[in-house]
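Everything on this sheet refers to the single structure shown next.
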Amino acid sequence: MRRGWPRPCGRSARSRAAEPPNVAALGVSADRAAGLVLAALAAGIAAIALAELPMGSWARPGAGAAPLGLGLILGGFGLALAWQGGGAWEATDRAEAGRALAILAAAGFAALAFEALGYRLTMAAMLAFLLLAVERKPVLPALAWSALLSLGSFHAFSVWLRVPLPRGPFGF
Amino acid sequence: MTETLANLALGFSVALSPQVLIYCVIGCFIGTLVGMLPGLGPLAGISLLLPVSFGLSPTVALVMLAGIYYGAMYGGSTTSILMRLPGEAASVMTCIDGHAMARQGRAGAALAIAAIGSFVAGTLSLVGLMLLAPPLASLALKFGPPEQCALLVLGLVVLAAMGGGSVLKSLAMTVLGLWLGTIGIDQMSGFFRFQFGLVELGDGIGLVPVAVGLFGIAEILASAGKPQLERPRTPAFRELWPSRREFADSAGAIGRGTVLGFLIGIIPGSAHIVASFASYGIEKRVSKTPERFGQGAIAGVAGPESANNAAACGALVPMLALGVPSGAIPAVMIAALVVHGVAPGPTLIQDQPALFWGFVAAMYVGNLVLLAMNLPLVGVFVQLLRIPYAYLYPAILAFCVLGVYAASQSAVDLWIMAGAGAVGYGLRKAGFETAPVVLGLVLSPMLENAWRQSLAMSDGSYAVFVQRPIAAGFMLAAAVMLAWGMRRR
């Protein structure tokens, strides 16, 4: 399958008919799910603020006062959203979800390996993974693009713009 | 008036220095690319280039970032017209009639009118910025902590009320951003809040990883793997001149778009997006041939393109005069100023006249650069669109990683970026806007300090926010906006 630019607007009746299953349809509305997550996060914020941070007084609020207040307000909004319900999930097919996970994994790999492997090796590996494993591009163009980008961007930023970037084994 | 002209002369002496000129051109060029490419809006583009600006003087850095912002407004129109693909959200309306014109063989005229309208709107709006910002800053110098606090509350509420989606969702995102802004060492007491075992969080959650994650990574996650579009045909240079009739049909639209865009730009919110939508609606309403809209009416290109550029300029008024960003992009620009040791706020124009007036003058120059760059080089820019997105998005991801790491030299920020990307993607799927998160994150320290200082002043009484007339006015306006926003839906 040819990959390319994102389609901007509108879908044909034919493409709607052939639409893959929507993996975002989790049986609970978007607003309710998001509201519950926000309320849970808010409860955590408030609990940490109360347990670990000084509240101060009315005239001199301490370091925990603002987070506690924000936690309570966020919790209120979260519960209101959950109570209100409604809100549809934007359609997501399995292919998009799988690709999104792979891209996030690539970003996670970059975060993990960046300082240990250095900029050039990490970027080359990340780009090669995305082009070969995710996009199934031919090996030679994919490797050439990965090498060109990782080496070229390193030269542009590290040498010309003097942005310090990590080097990996053997100073590479 | 004489003083303004003298200041402008000072500005041009700064703007026409070789270094400022070079970075102005670089910013405009990058901005045009960023505007054309889906997955890289102006916010992600500015965030990515933020680390590069650290080695520059504050004026040069601000000029380059503003060039990216402005250039993106220009660049977004190219893909909208040639491919019906809005490279930037504000260019969505240009798709409709711009692409219809392209199908009729008038792509050159549509591109030219978009560029000319953007130039006229950008230039006239700068006059507005120049005349409005200094008196507004003088007024704001009279503000104490309660007024500052009330003004920030008003800004956040207006953003939520004016945004495209649900007010409740926008407010929730704003509060989430405000909470993220409290992470790190408390400026007033030195307490480390929400450490989670990471000393790197001492300086707080960085704006760059959050902005790049929420906008850059989330956009890549949503766009990668979508089907291939038609390949654009590049109009020949001789096709770029509109007919006399097309000029006549565009003149009024450009004028109306400029005024409307500038006024909307001053108001917090996704100004340039709202402005282009509002302009299209107005042009259709005032047109004697509304049935031509959607079929290639040139006013449908001229109005929105002028409006989004004027709004981009209007959004700089509260940022430069008050230090209050009216949206996520000015917020990132404020962060850049802070990194350079420049305190944003009402004293900026007084304390840093060379920066403010140099910036204004550089914007005039930047408008000319963009006009000169966009039309003759449209073929060059279009070549970039021939690169398949499957090859391009890994490169964009690599630049996201590079930009975030370069800003802080911390791998923790890369994790924050990836996390923000995942959260941004999820929020997008659930129909949430993420710009309020960024704005909340930027404004959080200012708001918290103003709030705590106000309470210290009043010995803990919240009446301080309604007893002082200016603060009370802002609070009332915030309440009215909130009620209006709720009722609108």
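State whether the stretch A:17-172 is rounded, prolate or oblate according to the following rule on the C-alpha gyration tensor (a ≥ b ≥ c being the square roots of its eigenvalues): a/c under 1.5 gives rounded; otherwise a/b larger than b/c gives prolate, and the remaining case gives oblate. Present the calculation step by step, with values, prior to reporting the outcome.
Values: a/c = 3.93, a/b = 1.44, b/c = 2.72.
Taking the square roots of the gyration eigenvalues as a ≥ b ≥ c, the stretch A:17-172 is oblate.
FRET efficiency for residue A:105 and residue B:248, Cβ-Cβ distance as r, R0 = 45 Å, nearest 0.05? Once the sixth-power term is evaluated, E becomes 0.20. Over all other residues within a Cβ to Cβ distance under 11 Å of residue B:189, the charged ones net out to +2, with Lys and Arg as +1 and Asp and Glu as -1. Listed from fewest to most Cβ neighbours within 10 Å, the set B:357, A:89 follows the order A:89, B:357.
The packing ranking, built from the mean of other Cβ atoms within 10 Å per residue, places the peptides B:468-477, B:25-34, B:194-203, A:106-115 in the order B:25-34, A:106-115, B:468-477, B:194-203, highest first. Expressed as a whole number of Å, what is the distance separating the alpha-carbon centroids of the stretch B:105-121 and the stretch B:315-333? If you average the Cα positions of each part, the centres end up 28 Å apart.
Once the Cβ-Cβ distance between residue B:484 and residue B:54 is put in as r, and R0 is 41 Å, what FRET efficiency do you end up with, to the nearest 0.05? In this case the efficiency is close to 0.50. Here residue A:137 is the anchor, and the lysines within straight C-alpha reach of less than 29 Å, apart from those fewer than 8 places off in the same chain, are B:226, B:429. Taking other C-beta atoms within 10 angstrom as a stand-in for reagent exposure, B:425, B:69 fall in the order B:425, B:69, fewest first.
Taking a span of 30 Å or more along the helix axis (Cα atoms) and a mean Kyte-Doolittle hydropathy of at least 1.6 as the rule, the DSSP H helices of chain B that qualify are B:107-140.
Which aspartates and glutamates have a Cα less than 18 Å from the Cα of residue B:142, not counting those fewer than 8 places away in the same chain? Within the straight-line cut-off, residue B:142 pairs with B:351.
With both labels modelled 7 Å from their Cα along Cα-to-Cβ, the residue A:52 to residue B:2 distance reads 6.2 nm. Take each residue in B:186-198, count the other chain C-beta atoms within 10 Å of its C-beta, and the mean is 4. Cα gyration tensor of the stretch A:35-79, axes a ≥ b ≥ c as square roots of the eigenvalues: rounded (a/c below 1.5), prolate (a/b > b/c) or oblate? It comes out oblate by the Cα gyration axes. Partners of residue B:284 within straight-line reach, counting aspartates and glutamates whose Cα lies under 15 Å from its Cα and excluding those fewer than 8 residues away in the same chain: B:97, B:249, B:305. Roughly how many Å is it from the Cα centre of the stretch B:11-87 to that of the stretch B:178-219, as a whole number? Between the Cα centre of the stretch B:11-87 and that of the stretch B:178-219, the gap is 26 Å. For residue B:192, the residues whose amide H sits under 5 Å from its own are B:186, ignoring neighbours fewer than 5 places away on the same chain, with H placed 1.01 Å from N.
Annotation: the residues B:329, B:396, B:220, B:387, sorted from fewest to most other C-beta atoms within 10 Å of their own C-beta, follow the order B:387, B:396, B:220, B:329.
Net charge near residue B:296: determine it from the other residues with C-beta under 12 Å of the C-beta of residue B:296, scoring Lys and Arg +1 and Asp and Glu -1. Residues close to residue B:296 contribute a combined charge of -1. Contact order, relative form, for chain B: 29 percent (alpha carbon pairs under 8 Å, 6 or more residues apart, mean separation divided by residue count).
Is the C-alpha gyration tensor of the protein assembly as shown telling us rounded, prolate or oblate? Criteria: a/c under 1.5 is rounded; beyond that, a/b larger than b/c is prolate, otherwise oblate.
Cα axes put the protein assembly as shown in the rounded bin.
We did not get these values from a lab; they are worked out from the coordinates using the rules stated. As the structure is a prediction and not an experimental result, all values here were calculated from the model. Virtual Cβ from ideal backbone geometry, glycine too; neighbours counted across all protein chains shown.
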